[in-house]
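Written out below as structure tokens is the structure these notes cover.
The values are calculated or read from the model by the stated rules, or taken from the named source; none is laboratory data. Here the structure is a predicted model, which means the values were calculated and not measured. Backbone-built Cβ (ideal geometry, glycine too); neighbour counts: all protein chains shown.
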Amino acid sequence: MSTDLGSTAAAEAAAAADPSEGGFDWRHFLRTYAIIGILLVFVVALTILTKGTFSQPENLINVVRQVAAIGVIAIGMTFVIITLGIDLSVGSILALAAVVATSLAQKPSDRMMYAGLDLPIILAVLGGLAVGGLLGFTNGVLIAKFRIAPFIATLGMMTTARGLALIYSDGRPVSLLEDPYNNIGQGSIAGVPIPIILFAVVALGAHMVLNYTRFGRYVYAVGGNEQAARVSGIRISRLTLVIYTISGVLSGLAGVILSARIGSGNPQLGTGIELDAITAAVIGGTSFKGGIGTVWGTAVGALIIGIINNGLDLLDVSPFMQMVVKGVIIVLAIILDERKNA
């Protein structure tokens, strides 16, 4: 009996010392779900400041529709950052994928100068995804095989892909697109805009991959301790290739969504979107120290970015001041990340 009492006392003492065992861990709860509170604070504040205009259902749907492309890219960025990488080329890959996809989705009379074939819209979409995947794979090769730092490799790809987009389109927007292609960005299914559906499907798929597959466990393991992951038999090079290819494919998908939404493939699309994607991931809890991050957190972070953009527009804040606000948010997000994981 005394032994049992002693064991019970020891367990209670351990629970008191460690709230995560035998009690509710408020610190863990706040670290995990504080992002939801931040989202709600922004929604309430902007609703008050805009006198209810922000919270109109049409505007809220428009916010999510606009943030779909950022969210899709940010999910790919989450995989990259978890493994202690970075991808600065996502905006340029988006632009090249957009001009390639839209050139294949033009009405037949205009399409001939690019392809010379009357291709179905699905091939235009696949063309954009293939371009994104190829450039993402190239990033992976540079990083995994040639041991180039991710920052440098993707910085070079950022410039290269943007130049290729300008060359391919001769520096002009690719317009006069087929209606089914435009429908990808402008249409809806059962009242839900297609960009939102695509964003949700990508988020759900990525969540399942990260949390319920061996590949997902490997991603976290590499970010947590690359040397230990290597010793345990994880093929780091192959994993890196796959992760950057995923980032490239999702950038290509974002290019399709964005170009279909505006009805044009502009070689300047996606300029600066890499900063929004990185900010969304970090705000959502993905750590630059690696091994930490969730898809749902990144999705909420992307929504916060969209809400800020929309709210500042409704408040008639100048685009120049919006750049300042975004810069401050990025710095604050990194400071919070450092303090949270200290």
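Among the residues of the stretch 51-102, count how many are hydrophobic (A, V, I, L, M, F, W, C) and in a loop (DSSP other than H, G, I, E, B). Walk me through how you get there before you give the answer.
Pass one, the stretch 51-102, residues hydrophobic (A, V, I, L, M, F, W, C): 54, 60-61, 63-64, 67-70, 72-75, 77, 79-82, 84, 86, 88, 90, 93-101.
Adding the requirement that they be in a loop (DSSP other than H, G, I, E, B) leaves 54, 84, 86, 88.
Looking only at that region, the number is 4.
Output the residues belonging to the stretch 288-342 that are closer than 21 Å to residue 72 by Cβ and among the small types (Gly, Ala, Ser).
Within the stretch 288-342, 293, 297, 299, 301, 302, 306, 333 qualify.
Of all residues in the stretch 153-175 being outside any loop (DSSP other than H, G, I, E, B) and of a type in the set (S, T, N, Q), which is farthest from residue 268 (Cα to Cα)?
154
Failed condition for residue 243, given (1) closer than 23 Å to residue 287 by Cβ; (2) exposed (fewer than 15 other Cβ atoms within 10 Å of the Cβ); (3) β-branched (Val, Ile, Thr), with all others met?
(2)
When you scan the stretch 159-192, how many residues do you find that are surrounded by 14 or more Cβ atoms within 10 Å (Cβ to Cβ) and under 22 Å from residue 90 (Cβ atoms)?
13
Would you confirm whether or not the stretch 178-194 contains a residue that is touching a residue at least 24 places away in the same chain (Cβ under 8 Å), of a type outside the set (Ser, Thr, Tyr) and assigned to a loop (DSSP other than H, G, I, E, B)?
Scanning the stretch 178-194 turns up at least one residue that is touching a residue at least 24 places away in the same chain (Cβ under 8 Å), of a type outside the set (Ser, Thr, Tyr) and assigned to a loop (DSSP other than H, G, I, E, B).
Considering each of 297, 293 in turn, give the residue that is in a helix (DSSP H, G or I) and modelled with pLDDT of 90 or more.
Exactly one of 297, 293 is in a helix (DSSP H, G or I) and modelled with pLDDT of 90 or more, namely 297.
Given the conditions (1) modelled with pLDDT of 95 or more; (2) among the aliphatic types (A, V, I, L, M); (3) not in a loop (DSSP other than H, G, I, E, B), and given that residue 269 satisfies all but one, which numbered condition is not satisfied?
Failed condition: (3).
Among all residue pairs at least 6 apart or on different chains, which show Cβ distances below 7 Å where the first residue, located in the stretch 236-257, is more than 28 Å from residue 65 (Cα to Cα) and in contact (Cβ under 8 Å) with a residue 12 or more places away in the chain and the second is assigned to a helix (DSSP H, G or I) and charged (D, E, K, R)?
Qualifying pairs under 7 Å: 236/226; 236/230.
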